[in-house]
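**Q** Provided herewith is a single structure, encoded as structure tokens, for subsequent inquiry.
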Amino acid sequence: MNSKKFFAELKRRRVYTVAVTYAVIGWLLIQVVTQVFPPFEIPNWGERLAIVAIMLGFPIALIFAWIYDITSHGIVRTSDAEPPARTEIAESRGSTEKSIAVLPFNDLSPAKDHAYFGEGIAEELLGALAKVDGLRVAARRSSFWFKDKEAELGEIASKLNVGHVLEGSVRRDGNRVRITAELIDVCDSFTI
């Protein structure tokens with residue numbers, strides 16, 4: 001394995017993150033030990049032992065970071081293979097599984113200065129839909145990639161592997177805000 005691939009693998013397995021986090025927390029713990037142990041008259045060997053234990057834990061933490069990942073499903077063993085390449089799956093049209101992508105809402109205000117508001121609404125809807133049992137929701141990063149891109153709904157649905165797309169717009173005129181949302185069934189391109 002060449003050095004470039006090795007360092008890329010370290011980054012993929014989050015070893016850098018663990019190293020920096022452990023170094024900062026270890027340094028803080030050493031500061032606490034050196035400040036707290038003397039007033040409680042804990043012998044110097046106790047202080048040294050705590051510092052050595054913190055230092056010995058560093059390589060152990062790096063080894064565990066290499067072997068395991070912390071995911072939303074708990075601690076799992078890191079796969080040794082390269083991450084699978086992204087493949088486009090256009091099977092969702094015949095699938096009975098319910099799936100949706102929430103696109104960022106377009107800013108139709110005259111000044112075009114409320115894009116953040118449309119994105120915020122889309123994020124809130126995405127979060128609420130993600131809590132619905134039995135509904136697959138495309139990730140924010142994947143859905144928001146299509147912002148300001150001229151793509152057909154079929155292409156978006158195919159790339160995100162979803163059966164429905166939620167899109168909308170935000171318009172602000174003075175103190176009034178008009179929000180429009182449209183849920184589209186990709187199979188027939190009709191609004192539900």
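**Q** Identify the single condition in (1) at pLDDT 80 or above; (2) surrounded by 13 or more Cβ atoms within 10 Å (Cβ to Cβ); (3) under 25 Å from the mean Cα position of the chain (by Cα); (4) not aliphatic (A, V, I, L, M) that PHE6 does not satisfy, given that it satisfies every other one.
**A** Result: PHE6 fails condition (2) only.
**Q** Considering ARG171, ARG136, which residue is touching a strand residue (DSSP E or B) at 6+ places or on another chain (Cβ under 6 Å) and over 15 Å from VAL102 (Cα atoms)?
**A** On the way: ARG136 fails: over 15 Å from VAL102 (Cα atoms).
Going through ARG171, ARG136 in turn, just one is touching a strand residue (DSSP E or B) at 6+ places or on another chain (Cβ under 6 Å) and over 15 Å from VAL102 (Cα atoms): ARG171.
**Q** Could you list, in sequence order, all residues of segment 40-74 that are open to solvent by 60 Å² or more (accessible area, probe 1.4 Å) and among the acidic types (Asp, Glu)?
**A** Passing the criteria: only GLU41.
**Q** Additional query: For a quick check of your reading: which strands (runs of 3 or more DSSP E) sit entirely within segment 108-191 and have at least 2 residues that are in contact with a Ser or Thr (Cβ under 6 Å, 6 or more places away or on another chain) and open to solvent by 40 Å² or more (accessible area, probe 1.4 Å)?
**A** Numbers: elements: 135-137, 164-173, 176-185.
Those strands (runs of 3 or more DSSP E) span 164-173, 176-185.
**Q** Filter segment 9-31 down to the residues that are surrounded by 11 or more Cβ atoms within 10 Å (Cβ to Cβ) and farther than 28 Å from THR71 by Cβ and list them by number.
**A** Scanning segment 9-31 gives a single hit, ILE30.
**Q** Return the pairs, sorted by first residue and then second, in which the second residue is open to solvent by less than 70 Å² (accessible area, probe 1.4 Å) and of a type in the set (Lys, Arg), the first residue lies in segment 17-31 and is closer than 14 Å to ALA50 by Cβ and touching a residue at least 24 places away in the same chain (Cβ under 8 Å), the beta carbons are less than 7 Å apart, and the residues are 6+ apart or on different chains.
**A** Taking only residues 6 or more apart or on different chains, not a single pair turns up.
**Q** Go through segment 129-152 and give me each residue that's free of Cβ contacts under 8 Å to residues at least 12 places away in the same chain, of a type outside the set (Phe, Trp, Tyr) and closer than 21 Å to LEU108 by Cα.
**A** Residues of segment 129-152 that are free of Cβ contacts under 8 Å to residues at least 12 places away in the same chain, as a first pass: 130-133, 139, 141, 145, 148-152.
Keeping just the survivors that are of a type outside the set (Phe, Trp, Tyr) gives 130-133, 139, 141, 148-152.
Result: ASP148, LYS149, GLU150, ALA151, GLU152.
**Q** Under 6 Å by Cβ, and 6 or more places apart or on different chains, what pairs join a residue from segment 98-111 that is among the acidic types (Asp, Glu) with one that is open to solvent by less than 10 Å² (accessible area, probe 1.4 Å) and in a strand (DSSP E or B)?
**A** ASP107/VAL170
**Q** Go through segment 153-185 and report how many residues are in contact (Cβ under 8 Å) with a residue 12 or more places away in the chain and within 26 Å of the chain's Cα centre (by Cα).
**A** Residues that pass the stated criteria total 21.
**Q** Out of THR87, THR191, which single residue is among the β-branched types (Val, Ile, Thr) and modelled with pLDDT under 80? Write out each step before concluding.
**A** Working: THR191 fails: modelled with pLDDT under 80.
Answer to the selection: THR87.
The values are calculated or read from the model by the stated rules, or taken from the named source; none is laboratory data. What you are looking at is a predicted structure, and each value in this text was computed from that prediction instead of being measured. Glycine gets a Cβ as well: all are built from the backbone with ideal geometry, and neighbour counts include every protein chain shown. Ligands, DNA and RNA are stripped out before the accessible areas are found, and what is left, the full protein with its side chains, is counted by its heavy atoms. Shrake-Rupley method; radii C 1.70, N 1.55, O 1.52, S 1.80 Å.
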